[in-house]
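**Student:** My questions all concern the structure below.
Derivation of every value follows stated rules applied to the coordinates shown; laboratory data play no part. Just so it is clear, the structure is predicted and the values come from calculations on it, not from any experiment. All Cβ positions, glycine included, derive from the backbone under ideal geometry; neighbour counts span all protein chains shown.
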Amino acid sequence: MNAPRILVADDTQTIVAYLKELLTKNGFDVITSYDGEEALEKVKQENPDIAILDLKMPKLDGLETLKKIRHFDASLPVIILTGFASLSEAVEAVKWGISDCLSKPINEKKLLESINKALTFKFKKTVIPYENYNIEFLPKIMGESPAMKNIYELIKKVSAHNITVLIRGESGTGKEIIARAIHYNSDRFNKPLVSVDCSALPESLVESELFGYEKGAFTGADKQKIGKFELANGGTIFLDEIGNLPLTTQVKLLRVLQEREIVRLGGNNPIKVDVRVITATNTNLEEGLKKATFREDLYHRLSEFTIFLPSLKERKEDIPFLMELFLKEFNQEFNKKVMGFTPRVKELLCKYSWPGNVRELRNVVKSSILVAEDFIEFKHLPLNIQVAVDERKQARPGDKLREIIKKTTEEIERKMILQALKETNWNQLKASKLLGINPKTLYRKLKEYNISRETLC
């Protein structure tokens with residue numbers, strides 16, 4: 001799970017530097033700007049989860065920046081920073097929909113509370129509250145099949161002991177949810193949980209992300225950075241896709257597990273850390289041992305306790321429950337009232353093999369709800385699902401499969417694009433994000449299908 005991204009915009013460099021350090025230490029991804037015009041461009045290009053704007057800035061002040069943001073993003077949480085002389089403008093800012101207005105000098109506690117409150121509201125439809133990771137609640141978000149009940153028992157047992165855990169399972173089975181459940185059912189539940197996707201980090205950045213670096217450690221290191229292990233001190237670090245970790249970093253991770261200390265890049269002083277390590281992989285680590293791409297000593301250190309998470313095809317009795325769970329989730333997110341699935345769709349989805357597991361099922365329900373009205377019918381399913389499960393259509397005499405696929409693809413794509421544009425009030429940037437495609441791809445599709453507000457009026 002990526003850290004929330006915060007844009008900080010202020011014309012005073014010392015304030016920007018101070019806020020960036022404060023927010024980075026608290027686990028946020030920070031981008032900065034020094035005037036309103038630059039801030040506006042970064043909102044468009046970087047898609048932050050929240051913006052902190054100084055009311056007094058050159059080129060474009062905070063209030064004008066806020067107004068322009070609202071023209072293309074009505075939901076971005078914005079916190080205004082102001083001096084006492086600007087309170088009248090702050091009142092005007094409230095009318096344009098801000099999350100909070102804070103006076104300078106900045107109170108760190110109030111700022112962090114305001115940020116967390118704004119982010120909680122922004123993500124409330126998609127983030128599972130930590131209380132919901134309680135063992136008794138897990139069946140309500142993952143299912144009640146015998147295979148999963150066995151997993152819940154393992155979580156209960158391992159949570160009580162401070163040992164490393166290796167979670168194994170196919171992609172999309174919910175390994176991060178299991179890691180979070182272990183953390184929140186342990187004695188560390190009120191301490192940080194820091195997640196790192198090892199597969200998403202370039203090899204050159206892995207060590208600086210995990211262990212941090214000192215000022216001057218390398219070209220561009222103009223100030224000290226705290227690594228993920230220090231951020232997780234007292235709590236838990238979850239290293240997803242551990243099989244992708246470079247061998248050089250594996251050596252340093254082994255030392256952390258043995259010595260309970262880290263050394264920042266460019267530094268000499270060991271720093272003690274109290275961190276529980278949970279890892280996950282969808283690869284065969286034993287093959288890595290044979291090929292010498294994964295250290296055997298590290299493997300044994302990480303797998304003091306191993307949980308094998310079943311694939312969705314191994315617990316098909318959970319599919320109907322998960323379908324209804326995702327139906328409720330996306331009805332709420334898209335403000336729709338789709339009542340359910342037709343009997344045919346229910347049967348087909350329960351028989352499908354789900355190579356992408358729970359993640360694939362969730363995405364299928366999400367995309368289907370976008371184009372459905374009362375019930376999700378066969379025609380609303382993504383094309384790959386239709387082709388995989390509708391053998392009758394593929395075997396029909398006289399039909400040309402390529403033509404069927406092309407026609408169906410275009411029909412579904414057009415409906416999904418129109419629905420996404422409707423949901424975002426024709427904001428192409430937000431619509432492309434909702435559809436999971438590049439804005440340039442969306443622009444090309446609009447041209448291809450001759451879609452515009454004018455042609456639909």
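**Student:** How large is ³J(HN,Hα), in whole Hz, for each residue of the range 357-372 in order, when computed from phi with the Karplus curve 6.51 cos²θ - 1.76 cosθ + 1.60 and θ = phi - 60°, using x for Gly and Pro?
**Tutor:** Per-residue couplings from phi come out as 6, 4, 4, 5, 4, 4, 5, 5, 5, 4, 5, 5, 4, 4, 10, 8 Hz.
**Student:** Roughly what would the spin-label model give for R255 and A292, points 7 Å off Cα along C-beta, in nm?
**Tutor:** According to this spin-label approximation, the distance is 2.2 nm.
**Student:** Right, next: Ratio of the range 281-390's C-alpha Rg to 2.2 N^0.38 Å, to two decimals?
**Tutor:** 1.41
**Student:** While we're here: For the chain, max minus min Cα coordinate along each principal axis, in Å, sorted largest first?
**Tutor:** Each principal axis gives a Cα extent; for the chain these are 72, 61, 41 Å.
**Student:** I would also like to ask the following. Set Lys and Arg Cβ to +1 and Asp and Glu Cβ to -1, take the dipole of the chain about its Cα centre, and tell me which of S353, L265, P48 lies farthest positive.
**Tutor:** Checking the options against the dipole of the chain, the answer is S353.
**Student:** Can I ask one more? Counting only other residues whose beta carbon sits under 12 Å from that of E38, what net charge do I get with K and R as +1, D and E as -1?
**Tutor:** Details: positive: K42, K44, K59; negative: D10, D11, D35, E37, E41, E46.
Local charge sum for E38: -3.
**Student:** Round to the nearest 0.05 the FRET efficiency obtained for L446 and E64 when R0 = 35 Å and r is the Cβ-Cβ distance. Each step should come with its number before you reach the end.
**Tutor:** Details: r = 30 Å, r/R0 = 0.85.
The computed FRET efficiency comes out at 0.70.
**Student:** Let me spell out the model: positive unit charges on the Cβ of Lys and Arg, negative unit charges on the Cβ of Asp and Glu, origin at the Cα centre of the chain. What dipole size does that give, in debye rounded to 20?
**Tutor:** Details: 71 positive and 64 negative charges, 188 e Å.
Magnitude of the dipole: close to 900 debye.
**Student:** Any of K379/K415; K175/K228; K42/K440; K20/K104; K313/K433 with alpha carbons more than 21 Å apart? Name them for me.
**Tutor:** Numbers: K379/K415 11 Å; K175/K228 19 Å; K42/K440 18 Å; K20/K104 16 Å; K313/K433 30 Å.
K313/K433, as the Cα separations exceed 21 Å there.
**Student:** On to the next question. Can you list the aspartates and glutamates whose alpha carbon sits under 15 Å from that of K351, skipping same-chain ones fewer than 8 residues off?
**Tutor:** E314, E317, D318, E360, D390, E391
**Student:** What FRET efficiency comes out for A17 versus N331 if R0 is 60 angstrom and r is the Cβ-Cβ distance? Round to the nearest 0.05.
**Tutor:** Numbers: r = 44 Å, r/R0 = 0.74.
For A17 and N331, the calculated efficiency is 0.85.
**Student:** Would you mind counting up the charge near R276? Only other residues with Cβ under 12 Å from its Cβ, with Lys and Arg at +1 and Asp and Glu at -1. Numbers along the way, then the final one.
**Tutor:** On the way: positive: R188, K191, R260; negative: D187, D274, E304.
Computed value for this residue: 0.
**Student:** For the range 131-172, just say rounded, prolate or oblate: build the C-alpha gyration tensor, square-root its eigenvalues into a ≥ b ≥ c, call rounded for a/c under 1.5, and beyond that prolate if a/b exceeds b/c, oblate if not. Intermediate results must be reported in sequence, preceding the final value.
**Tutor:** Numbers: a/c = 1.72, a/b = 1.19, b/c = 1.45.
Oblate, because a/c is 1.5 or more while a/b does not exceed b/c.
**Student:** Okay, moving on. Full-extension gain between S353 and D197, please, as 0.36 nm times their residue separation minus the C-alpha to C-alpha distance. Could you put the intermediate results ahead of the total?
**Tutor:** Working: separation 156, 0.36 × 156 = 56.16 nm, distance 2.65 nm.
That pair, S353 and D197, stretches by 53.5 nm at full extension.
**Student:** Give the Rg/Rh ratio for the range 130-310, taking Rg as the radius of gyration of the Cα atoms and Rh as the Kirkwood radius, to two decimals.
**Tutor:** Computed over Cα atoms, the ratio is 0.98.
**Student:** Ranked from highest to lowest mean number of other Cβ atoms within 10 Å per residue, what is the order of the peptides 258-265, 315-322?
**Tutor:** Values: 258-265: 16.0, 315-322: 17.8.
Packing order, densest peptide first, comes out as 315-322, 258-265.
**Student:** With a 10 Å radius around each residue's Cβ, average the other Cβ atoms per peptide and rank 246-254, 374-382, highest first. Could the numbers behind the result be given before it?
**Tutor:** Numbers: 246-254: 16.0, 374-382: 17.9.
The densest-packed peptide leads the list: 374-382, 246-254.
**Student:** Further question on the same structure: Out of all DSSP beta bridges with both ends in the chain, state the antiparallel percent to the nearest 5. Numbers along the way, then the final one.
**Tutor:** On the way: 3 of 40 bridges.
Roughly 10 percent of the DSSP beta bridges within the chain come out antiparallel.
**Student:** Apply the Karplus curve 6.51 cos²θ - 1.76 cosθ + 1.60, θ = phi - 60°, to the phi angles in the range 104-110 and return the couplings in whole Hz, x for Gly and Pro.
**Tutor:** 8, x, 6, 8, 4, 4, 5
**Student:** Considering only C-alpha atoms, what is the centroid distance from the range 1-79 to the range 285-321, in Å?
**Tutor:** 41 Å
**Student:** Related question: 5 Å is the cut-off here: which amide hydrogens, built 1.01 Å from N in the peptide plane, fall below it relative to G340, excluding neighbours closer than 5 in sequence?
**Tutor:** It is I376, by chain and number.
**Student:** Further, regarding this structure: Longer than 27 Å from Cα to Cα, which of K252/K291; K157/K191; K117/K346; K157/K328 are they? Say none if no pair is.
**Tutor:** On the way: K252/K291 20 Å; K157/K191 20 Å; K117/K346 39 Å; K157/K328 32 Å.
The answer is K117/K346; K157/K328.
**Student:** Sticking with this structure for a sec: For the range 181-187, just list the computed ³J(HN,Hα) in residue order, Karplus coefficients 6.51, -1.76 and 1.60, θ = phi - 60°, integers in Hz, with x standing in for Gly and Pro.
**Tutor:** 4, 4, 4, 6, 9, 9, 5
**Student:** Cβ under 11 Å from I163's Cβ, I163 left aside: what net charge do those residues give with Lys, Arg +1 and Asp, Glu -1?
**Tutor:** On the way: positive: K157, R276, R301; negative: E304.
Neighbour charge sum, excluding I163 itself: +2.
**Student:** Report, in deg cm²/dmol and to the nearest 500, the calculated mean residue ellipticity at 222 nm for the chain, where each DSSP H run with n ≥ 4 adds -39500 (n - 2.57) and the sum is divided by the residue count. Don't skip to the answer; put the middle values down first.
**Tutor:** On the way: 22 runs with 220 residues, N = 457.
-14000 deg cm²/dmol, from helical runs alone.
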